[in-house]
Amino acid sequence: MDWVKEARHVFKADRPDHFTNYMHCEECAEHDNTLSQSDIDAIGLDELGNPGWDPICFCTNEGKKYYMPAFIRLSLETIYGESYLGQFLFHLEGNGEDNELYASCSRQQREFIASFVEHMINSYPKELESGCHADEALRVHQIWSKE
């Protein structure tokens, strides 16, 4: 499967005017600016790869869904190096059973995410283990697989 192409189809959405509550504070405004200056094809680890300064932590659910094809792309492109998958799993797990991103997604979107995480578990077990993300991937799969 071409995961990125399918993500573009499943998560097709208009680009939000803003990605964060940019009026809240300078940090929110800076993260909004970072996300607003890029797009699905161009955003990369330079913008998203620092867990300590991650604009997606401040991003709205609509913004996360807009960038979902980029998260899928980055997870696949970086699996053998400085992997983005751990951060992606962190955002997908959210606050577990009360996951707001999960709740905001359509059934088709939830099924796609569950399938993608299952693909990563089955295709990259060594990479998940070496990055200490195996347990997290299983938790995320459980959340996104529920009805």
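Values quoted throughout were computed directly from the atomic coordinates according to the rules given, and no laboratory measurement underlies them. Predicted model only: the values in this text are computed from it and were never measured. FYI the Cβ positions are ideal-geometry reconstructions off the backbone, even for glycines, and counts take in every protein chain you see.
May I ask you to verify whether Ile72 is surrounded by 22 or more Cβ atoms within 10 Å (Cβ to Cβ), in contact with a Cys (Cβ under 8 Å, 6 or more places away or on another chain) and among the aliphatic types (A, V, I, L, M)?
On the way: surrounded by 22 or more Cβ atoms within 10 Å (Cβ to Cβ): yes; in contact with a Cys (Cβ under 8 Å, 6 or more places away or on another chain): no; among the aliphatic types (A, V, I, L, M): yes.
Judged against the criteria, Ile72 is not a match.
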Any pair with Cβ under 6 angstrom, 6 or more apart, that starts in the stretch 90-107 at a residue that is without any contact (Cβ under 8 Å) to a residue 24 or more places away in the chain and within 19 Å of Ala134 (Cβ to Cβ) and ends at one that is among the polar types (S, T, N, Q) and not in a helix (DSSP H, G or I): none
Considering residues that are buried (at least 16 other Cβ atoms within 10 Å of the Cβ) and not in a loop (DSSP other than H, G, I, E, B), the number found within the stretch 124-133 is 2
How many of the residues making up the stretch 90-108 are of a type in the set (A, V, I, L, M) and surrounded by fewer than 18 Cβ atoms within 10 Å (Cβ to Cβ)? 1
Residue count, the stretch 6-27 (criterion: under 17 Å from the mean Cα position of the chain (by Cα), over 18 Å from Arg107 (Cβ atoms) and not charged (D, E, K, R)): 3
So which residues in the stretch 28-42 are of a type outside the set (S, T, N, Q) and touching a helix residue (DSSP H, G or I) at 6+ places or on another chain (Cβ under 7 Å), if there are any at all? Cys28, His31, Leu35, Ile40
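Among residues belonging to the stretch 41-62 that are in a loop (DSSP other than H, G, I, E, B) and among the small types (Gly, Ala, Ser), point out the one that is farthest from Leu89 (Cα to Cα).
Start the filter on the stretch 41-62 by keeping residues that are in a loop (DSSP other than H, G, I, E, B), which leaves 41-44, 49-50, 54, 59-60.
Now restrict to residues that are among the small types (Gly, Ala, Ser): 42, 44, 49.
Values: Ala42: 21, Gly44: 16, Gly49: 13 Å.
Once the filter is applied, the top-ranked residue is Ala42.
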